[in-house]
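Q: The structure follows.
The values are calculated or read from the model by the stated rules, or taken from the named source; none is laboratory data. For clarity, every value in this text was computed on a predicted model and none was experimentally measured. Glycine also receives a Cβ, built like all others from the backbone with ideal geometry; neighbour counts cover every protein chain displayed. Note: areas computed on protein heavy atoms with side chains; ligands, DNA, RNA excluded. Shrake-Rupley method; radii C 1.70, N 1.55, O 1.52, S 1.80 Å.
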Amino acid sequence: MGKIYIIDVTNRDGVQTAKLGLSKLGKTMINIYLNEMGVYQSEFGFPTTRHESHYLQANLKLAEMGVLQPIRLGGWIRATAEDVEKAYKMVPNIKHLQLSISTSDQMITGKFKGVRSRQDILITTAEAIDAAKSHGAGSIGVNAEDASRTDADFLIRFASVAKEHGADRFRYCDTLGYDNPFTIYNTCKLLVEEVGIPIETHCHGDLGMAVANSVAGAKGIIDGGQDAYINTTINGIGERAGNADLVAVVLALKKSKGLAPKYKLGMPIRLSMAWRICKYASYAFDVPIPINQPGVGANAFAHASGIHADGVLKDPQTYELYDFKELGRGEPEMVETGREICSGEYSGISGFGHVMGKMEISFEHRDDAEKILELARYANVLAQKPLVADELRFIAKYPDIARELLTLTPP
Ligand SMILES: [Zn+2]
């Protein structure tokens, strides 16, 4: 029986979303939280993008140091041999790659304008996989962009070529959120049966079905006899209407009717991290969590009407499917209501000492404090908002890594 693994794409699909973004320190914190949560892989960025280079290499160092372990860090590039070469030139230690190319007729005519045929797509993809293999890539996923609008015969051919050349996984991208649970189940099951390769689902919410489609696709993949990998983002942040929400996907897998006994996660996910990771992503992206968001919304465990309140007071399970404590909720949170000293890009040593002191971090020498303060200032320049305690702790603990993350050198 195949198992289900989570590949979170917040640091790729999330950050490429219009009007949104994260600082390099913010992306690093997301990787750290995802690792603590037990997520299989973080799609941590773009190896062929210049301003990502220091961040990507610093995070690979964190992996070597054991800080980002056991999570895998995967880079996203276009499926061309040229991009593979560029990726290894810019980020030589990159281990895991996702190679992406469009497969639908809409994309071939609408985007490639006839310059590339279906045959070209197969050849280009095969060359890209061969190039990644020759660099010793630890794992290779091959993404079919707009797979849901690609006819099944060509998808089977495409996935077969990927498998023959040594790809580890095939990513079925419902790029426009066009699928429904019934269609994605059938297509994923067919692909697995015809090609025999583990499949990732990559679902978007344009029709409000990203989570349902991810779960249905995973079911099809497992029923077809392979492992399933679900792409998620924290709080569902992603292009247009967003991606499949990480916490909602895990809740659906664990709590929905009849699913959990048969369709199991391959790695335990610590749902107790949900509150922390969702709150952090909301702050870092500057996007509030909707009041009715599954699990972490302000109303997810709120009851007012007479019958509901009475029922939940007598027995919470009457009106709650799962306990708020499972999601790491319930602890009181300190909110400053009076004077506040926070970090900023023009902070001085006195205010900084006060902020760090509240977190019980002290420095033996003033020089050490000044060094960390300087890094915190740079982090503030990039974040343009006060740093949270975990970010300051990270900078104090890994100053050399922080310096690398914060280094942006335009050409
Ligand atoms: Zn996407």
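Q: May I have the convex hull volume per residue, in Å³, for the Cα set of the range 175-301? Show your work: numbers first, answer last.
A: Details: hull volume 13.8 nm³, N = 127.
That works out to 109 Å³ per residue.
Q: Right, another one. How much length is gained on full extension from Glu345 to Phe182, taking 0.36 nm per residue of separation minus their Cα-Cα distance? Working shown, then result.
A: Values: separation 163, 0.36 × 163 = 58.68 nm, distance 5.12 nm.
Taking Glu345 through Phe182 to full extension adds about 53.6 nm, to one decimal.
Q: Once you compute Rg and the Kirkwood Rh from C-alpha atoms, what is the Rg to Rh ratio for the range 248-370?
A: On the way: Rg = 20.4 Å, Rh = 18.3 Å.
Over the Cα atoms of the range 248-370, Rg/Rh equals 1.12.
Q: Counting only the heavy atoms of the protein chains, how much of Asp130 is accessible to a 1.4 Å probe, in Å² to the nearest 10?
A: 70
Q: Along each of its three principal axes, how wide is the spread of alpha-carbon positions in the range 71-225, in whole angstrom units, largest first?
A: 42, 39, 27
Q: How much length would be gained if the chain were fully extended between Val115 and Ile291, taking 0.36 nm per residue of separation minus their Cα-Cα distance, in nm to one decimal?
A: Working: separation 176, 0.36 × 176 = 63.36 nm, distance 4.68 nm.
Value of the extension gain: 58.7 nm.
Q: Moving on. Please compute P(r) over all alpha-carbon pairs of the range 75-125, binned at 10 Å starting from zero, and give each bin as a whole-number percent.
A: Reading upward from the zero bin: 24, 46, 24, 6.
Q: Hull surface divided by four, with the convex hull built on the Cα atoms of the range 147-201: how many nm²? Write down the numbers at each step before the final one.
A: On the way: hull surface 13.2 nm².
So the mean shadow area of the Cα hull is 3.3 nm².
Q: At a Förster distance of 25 Å, what's the computed FRET efficiency of Thr409 paired with Glu127, Cβ-Cβ distance as r, to 0.05?
A: Numbers: r = 31 Å, r/R0 = 1.25.
After rounding to 0.05, the efficiency reads 0.20.
Q: Just to check, using Stokes-Einstein with a Kirkwood Rh over alpha carbon pairs, what's the diffusion coefficient of the chain at 25 °C and 0.890 mPa s in µm²/s? Before the final figure, lay out each step's value.
A: Working: Rh = 22.5 Å.
It comes out at roughly 109 µm²/s.
Q: Before rounding to the nearest 500, sum -39500 (n - 2.57) across all DSSP H runs of length at least 4 in the chain and divide by the residue total; then give [θ] at 222 nm in deg cm²/dmol. Kindly include the intermediate steps, with their values, before the conclusion.
A: On the way: 15 runs with 176 residues, N = 411.
That comes out to -13000 deg cm²/dmol.
Q: Under a plain spin-label model, where a point goes 7 Å from the Cα along Cα-to-Cβ, how far apart in nm are Thr318 and Met359?
A: Label at Thr318, label at Met359, 4.4 nm between them.
Q: In nm, give the distance between the simple-model label positions of Glu82 and Glu194, each being 7 Å from the Cα along the Cα-to-Cβ direction.
A: Spacing of the two 7 Å Cα→Cβ label points: 3.0 nm.
Q: Further, regarding this structure: Expressed in nm to one decimal, what extension gain is obtained for the pair Ala152 and Lys371 from 0.36 nm per residue of sequence separation less their Cα-Cα distance?
A: Values: separation 219, 0.36 × 219 = 78.84 nm, distance 5.75 nm.
Gain in length upon complete extension: 73.1 nm.
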